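S.K.: Quick one: the structure is below, questions incoming.
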Amino acid sequence: MWIRASSEFQFEVRSPTPLIFMLRPRSGAQQWVASESYTLTPNVPVVEVTDKYGNLCQRIVAPPGDFGISTVAVVETADEYDQNREAGFIDIPKLPESVLEYLLPSRYCESDRFGKMTLDLVKNIEPGYQQVERVVDWVKENIKFKPLSSTYPVSAVEVNKRREGVCRDLAQISMAMCRSICIPTRLVVGYLHGLEPMDIHAWFEAYIGDRWYVFDPTQENLKGGRIAIAYGRDAADVAIYNQYGPLLLPKKMVVSVKAGRGAAS
């Protein structure tokens with residue numbers, strides 16, 4: 001399906017502030033970027049870089065005063081995502097080197113704290129896809145998806161105590177649990193058509209059966225219409241913007257995701 005996704009951010013900048021944005025999707029296995037636009041107001045120099053995960057990053061210095069950024073991307077995405085309950089667990093020696101780091105504990109996914117809990121949950125389940133499926137079902141049943149409930153990233157351990165969280169939080173506790181049983185996982189940030197309330201969304205992928213599969217503990221069904229912007233070990237790697245200096249929060253943030261090709265303008 002064709003998706004037209006747009007975002008708009010407005011900031012009030014008090015002093016020159018270095019920023020790194022991560023707002024440009026790239027074409028990949030399940031999406032093709034047909035067109036895009038990227039507008040800064042006022043216009044300032046941009047340095048485009050690619051991080052270690054292949055994400056497209058834009059480095060700028062925002063000048064004092066009102067500063068805005070708006071993006072539009074027209075992307076052909078998968079109508080639905082592959083689900084394969086027969087996809088098996090991959091033995092660690094057979095994993096690609098690029099996947100190995102997604103097994104390790106990270107800042108927001110303390111997988112070394114979830115081993116016994118997860119093993120008890122999946123002990124009678126076929127290793128691989130079905131174990132990830134069981135983890136996601138447990139998160140849906142036990143962690144309430146509550147949009148706007150946290151304004152900053154919290155760890156999987158904290159989410160397990162709170163028993164509620166935003167999409168990022170539910171994805172990260174799922175990831176930590178999967179990593180604790182040696183299934184690689186990575187966080188994905190992007191757009192989801194039909195999301196309520198509309199916002200930047202987060203889900204995760206698990207490496208099983210020699211490929212990455214999409215999972216989303218916040219949605220009843222694994223629907224298509226997703227545009228991935230960034231991939232990483234956890235929220236520390238996929239922030240849509242990072243600032244360096246005094247705290248800078250957007251005074252306006254608008255996200256729109258519509259079906260249809262339209263045009264990037």
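The values are calculated or read from the model by the stated rules, or taken from the named source; none is laboratory data. Worth saying up front: this structure is predicted, and the values here are computed from it rather than measured. Here the Cβ positions follow ideal geometry from the backbone for every residue, glycine too, while neighbour counts run over all protein chains shown.
S.K.: Taking helices (runs of 4 or more DSSP H) that do not extend beyond the stretch 87-158, which have at least 1 residues that are touching a helix residue (DSSP H, G or I) at 6+ places or on another chain (Cβ under 7 Å)?
M.R.: Ranges flagged: 115-122, 129-142.
S.K.: Also, I was wondering about something else. Identify all residues within the stretch 62-86 that are in a strand (DSSP E or B) and either surrounded by 15 or more Cβ atoms within 10 Å (Cβ to Cβ) or in contact with a Phe, Trp or Tyr (Cβ under 6 Å, 6 or more places away or on another chain) (or both); write none if there are none.
M.R.: Answer for the stretch 62-86, where residues must be in a strand (DSSP E or B) and either surrounded by 15 or more Cβ atoms within 10 Å (Cβ to Cβ) or in contact with a Phe, Trp or Tyr (Cβ under 6 Å, 6 or more places away or on another chain) (or both): A62, F67, G68, I69, S70, T71, V72, A73, V74, V75, E76, T77.
S.K.: Could you grab me the full set of residues in the stretch 48-86 that are among the hydrophobic types (A, V, I, L, M, F, W, C) and either in contact (Cβ under 8 Å) with a residue 24 or more places away in the chain or in contact with a helix residue (DSSP H, G or I) (Cβ under 7 Å, 6 or more places away or on another chain) (or both)?
M.R.: Residues satisfying the conditions are L56, C57, I60, V61, A62, F67, I69, V72, A73, V74, V75, A78.
Matching residues to (1) β-branched (V, I, T); (2) more than 27 Å from I200 (Cα to Cα):
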| position | (1), (2) |
| --- | --- |
| S111 | no, no |
| V122 | yes, yes |
| I125 | yes, yes |
| V132 | yes, no |
| N142 | no, no |
| Y152 | no, no |
| E164 | no, no |
| D169 | no, no |
| T185 | yes, no |
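S.K.: Please enumerate the residues belonging to the stretch 206-222 that are farther than 16 Å from K140 by Cα and part of a strand (DSSP E or B).
M.R.: Going through the stretch 206-222, the residues farther than 16 Å from K140 by Cα turn out to be 206-213.
Residues satisfying the conditions are A206, Y207, I208, R211, W212, Y213.
Yes or no, residue by residue, for (1) out of contact with any Asp or Glu (no Cβ under 7 Å at 6 or more places or on another chain); (2) over 20 Å from N160 (Cβ atoms); (3) in contact (Cβ under 8 Å) with a residue 12 or more places away in the chain; (4) among the charged types (D, E, K, R):
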residue	(1), (2), (3), (4)
D91	yes, yes, no, yes
K94	yes, yes, no, yes
E101	yes, yes, yes, yes
E110	yes, no, yes, yes
V135	yes, no, yes, no
K140	yes, no, yes, yes
I143	no, no, yes, no
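S.K.: Taking P42 as meeting all but one of (1) crowded, with 16+ Cβ neighbours inside 10 Å; (2) over 20 Å from the mean Cα position of the chain (by Cα), write down the number of the exception.
M.R.: Single failed check for P42: (1).
S.K.: Which of the residues belonging to the stretch 159-186 are out of contact with any helix residue (DSSP H, G or I) (no Cβ under 8 Å at 6 or more places or on another chain), under 21 Å from L119 (Cα atoms) and buried (at least 20 other Cβ atoms within 10 Å of the Cβ)?
M.R.: A171, the sole residue that qualifies.
S.K.: May I ask you to say which residue of A236, A206, A228 is touching a Pro at 6+ places or on another chain (Cβ under 8 Å), modelled with pLDDT of 95 or more and surrounded by fewer than 20 Cβ atoms within 10 Å (Cβ to Cβ)?
M.R.: A236
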